[in-house]
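Here the structure is laid out as structure tokens; the discussion comes afterwards.
The values are calculated or read from the model by the stated rules, or taken from the named source; none is laboratory data. Small disclaimer: the values here were computed from a predicted structure and weren't measured. With ideal geometry, Cβ positions are generated from the backbone for all residues, glycine too; neighbour counts draw on all protein chains shown. Surface accessibility is based on the protein's heavy atoms, side chains included, excluding ligands, DNA and RNA. Shrake-Rupley method; radii C 1.70, N 1.55, O 1.52, S 1.80 Å.
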Amino acid sequence: MIGNKEKCPCGSGEIVENCCGKTDMPGTNIVQEELKKVLNSYYETSLSPAEIQSLEGLLKEWAGRLGEWMEEEELVTNVSDYYFFIVRKDLWRRHLVKALNRTQNRGVRAILKSWQNAFITFAEVTKAEKEVYHMKEILGSGEYLLAREAGEPEDVRAIVAIVLEEMRNEERWVMPISAIAVNEHMSDELLTRVQELAETSDEKNSFDFFKKHLVDIYEVVCKLDVQTLSDVVEQNFTPLQREVIEILDAKLEKEELYPGAYEMVLSLMAYYFTDQDPKFRKPEVLAAAAFQLAVDTNMMPNTYTQAEVGKLFDVSVSSFRKHTDILLEKIEELEKMMEEGKKDAAYPIGTNPLPSEQMNWQVHMLTQKHNFDSLEEAQAYIQEAMQQPFEPENQQQEAQMLCYMAYNAETIEQRHDFAVGAYGADPTNVDALLLQTELTDSKDEQEKFFKQAIFSGEKQFDNRAEDAWKFAPNRPYLRSLLQYGVWLYEQDRFADASEMFIRLLSLDLFDHQRARYLAVSSLIHQGEIDQATRLLEATEEVSEGDAAYWYLSWLVEMERAQGESSENALELFAKAEQLNPHVSKLMEMAVEKMSYPKSVALIPGSHEEAHYIWYLL
């Protein structure tokens, strides 16, 4: 996306951080933050039953073609990107129209307008500079620039990617949604295969061609990847190294490896031979080391002890274990690089609805009175209806529409005007009652409106859905519990606050509003350390990548030890600091805490996330 020192896309000639991206936080820019928010919110788009069925059909088809080589997570990601940006390009464009209506930032608007062109490209890298690839379409005449991230390889010769066009000051850039880099070993062969496909295809333009044949191209890439690895072994390994692979192959043929596992083992062995140049006499030693690596990293369902692996290859454990450990260190290094790459994935927090909620609610309102004979009929009706402005049928619907307009308002004055209108249309509407709390300074009045909102929401709540959050009419009630809990928390009424958050978690089992950390913090504040510990343990699996989880775990440990820093507390704090190093500075300086935000997308490890964690501590 747009860097701080680049020229602003608005065309002013200024650099981003001095123009449309200007913020009070060094190292950040508003243009980049808003664009990330637009992308992240798109993946929350609610799909109709027919659309879900279509997506599942694609996933099944691609799994049949690519499941041998791609792990499930990678497969799901590729299919989702293909569906949301190519198959349903109409959804993407509709999402962009809404995003354009919500922002007046000229730099953001310039990029959003060019993002409407989502397409698949198969392009040659004509020149690789330190920070940019120069690209030329292989089946067309288009040329564009692609940002090159630190650490990306030198030998990229072509890229197959789903991209968004970015016009930056008359330069044509593309931003990849998902991409496969093709190295020099397979680029010629892949080019030949794709050209053969193009020559026999009936599609009249490149968009339709790639839309139809992307899975075919991915399949070719996967097969060539395996073939390329075999060629590397044959052409670059010494006879002794090839013997290692032959011995390893003979043993692995009897195992049921998970998709992609064999390629991973072979790639790591290629790295080990070329980068480390290990000294060995018996090829069975390194074959055993690679086999043990597959066992240690769960690349296959069968398990073996080290002694069993030694017996299988007729070598001692001490002879192969040191080689396995070096290979494991390489895997840890790769995983760390992947985690670094994920740090830009922002997550939303706040008391406002997510951007996708309004559309979900409208779809529900449009379809609740219809009895469709088929999913196709329902899908056709929704697609046609969503092209038209939503017209409320009664006072209740008008009130909810005004509430969404309030939540999306550009100014505080507009927000308050819409809030007044919503309450006038329906004084029992949950969101209208919540918005009334912003129109008075009286704590008693605010609490009265919160309690009325919860009472009204509870009567309307439908608990029949397996995931209550997915039923859009339930969300105002869930939101009322969060907002009242936050209000109580900020009044230092921690016992009442924790009651609200735990009640919310019991209804929203997947915790879409990240209430678990507020609940833990409230329990710590009131001295309920055992209950806070149990809640942290219950949510560990979904939380262990979050800095907030580890800082709160550290705080629990410190409270349990009455402020004494134990070895466990030091370990927890070190883990927390790894994920976000900025929190300790806020603690040292006793920086004034923020109020809980209405809506913000936080990047893991960022200064903004540190302020959120400091709020919890």
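State whether region 436-574 is rounded, prolate or oblate according to the following rule on the C-alpha gyration tensor (a ≥ b ≥ c being the square roots of its eigenvalues): a/c under 1.5 gives rounded; otherwise a/b larger than b/c gives prolate, and the remaining case gives oblate. Verdict is oblate for region 436-574. Summing Cβ point charges (Lys, Arg +1; Asp, Glu -1) relative to the Cα centre of the chain gives a dipole of roughly 1100 debye.
Heavy-atom surface analysis with a 1.4 Å probe gives region 391-480 a carbon and sulfur content of 48 percent of its accessible area. Remark: region 201-334 carries 52 Å² of accessible area per residue (probe radius 1.4 Å; ligands, DNA and RNA excluded). In the context of the full set of protein chains, residues of region 109-151 present 48 Å² of accessible surface per residue (probe radius 1.4 Å, heavy atoms only). Taking a 30 Å limit on the Cα-Cα distance, which of the listed pairs Lys36/Lys127; Lys212/Lys251; Lys451/Lys585; Lys60/Lys223; Lys22/Lys451; Lys130/Lys212 fall beyond it? Beyond 30 Å between Cα atoms: Lys212/Lys251; Lys451/Lys585; Lys22/Lys451; Lys130/Lys212. Mean residue ellipticity, 222 nm, helices only, the chain: the sum of -39500 (n - 2.57) across DSSP H runs of n ≥ 4, divided by residue count and rounded to 500, is -18500 deg cm²/dmol. By its C-alpha gyration tensor, with a ≥ b ≥ c as the square roots of the eigenvalues, how is region 1-114 shaped: rounded for a/c under 1.5, else prolate for a/b larger than b/c, else oblate? Prolate is the answer for region 1-114, as a/c is 1.5 or above and a/b outweighs b/c.
Each label was represented as a point 7 Å from its Cα along the Cα-to-Cβ direction; for Gln104 and Thr411 these points are 0.7 nm apart.
Fully extending the segment from Thr303 to Asp530, taken as 0.36 nm per residue of separation minus the present Cα-Cα distance, adds 78.0 nm. Short-range pairs are left out: with C-alpha atoms under 8 Å and at least six residues apart, the relative contact order of the chain is 9 percent.
Put a plus charge on the Cβ of each Lys and Arg, a minus charge on the Cβ of each Asp and Glu, and nothing anywhere else: the dipole of region 404-519 about its Cα centre is then about 360 debye.
Annotation: per residue accessible area for region 423-564 equals 46 Å², rounded to a whole number [probe 1.4 Å, protein chains only]. The apolar share of the surface of region 509-554, taken as the fraction of accessible area on carbon and sulfur atoms (1.4 Å probe, ligands and nucleic acids excluded), comes to 47 percent.
With Cβ to Cβ distances under 10 Å as the rule, what net charge do the other residues near Glu14 carry (K, R +1; D, E -1)? Could the numbers behind the result be given before it?
On the way: positive: Lys7, Lys22; negative: Glu17.
Spelling it out: positives minus negatives among the neighbours equals +1.
With a ≥ b ≥ c the root eigenvalues of the C-alpha gyration tensor of region 403-444, is it rounded (a/c under 1.5), prolate (a/b larger than b/c) or oblate? Oblate, because a/c is 1.5 or more while a/b does not exceed b/c. Take each peptide in 318-328, 275-285, count the other Cβ atoms within 10 Å of every residue, and average; sorted highest first, the result is 318-328, 275-285. This structure gives Cα Rg over 2.2 N^0.38 Å, computed directly, and of (1) 1.09; (2) 1.29; (3) 1.18 that value is listed as (1).
Summing +1 for each Lys or Arg and -1 for each Asp or Glu, what net charge is found among the other residues whose Cβ lies under 14 Å from the Cβ of Cys403? That works out to -2.
If R0 is taken as 30 Å, the Cβ-Cβ distance between Phe372 and Asn463 corresponds to a FRET efficiency of 0.75. Across the options Gln397, Ala590, Val132, the greatest Cα extent toward the positive end of the charge dipole of the chain (unit charges at beta carbon of Lys, Arg, Asp, Glu) belongs to Gln397. Taking other residues whose beta carbon is less than 11 angstrom from the beta carbon of Glu557, and scoring Lys, Arg as +1 and Asp, Glu as -1, yields -3.
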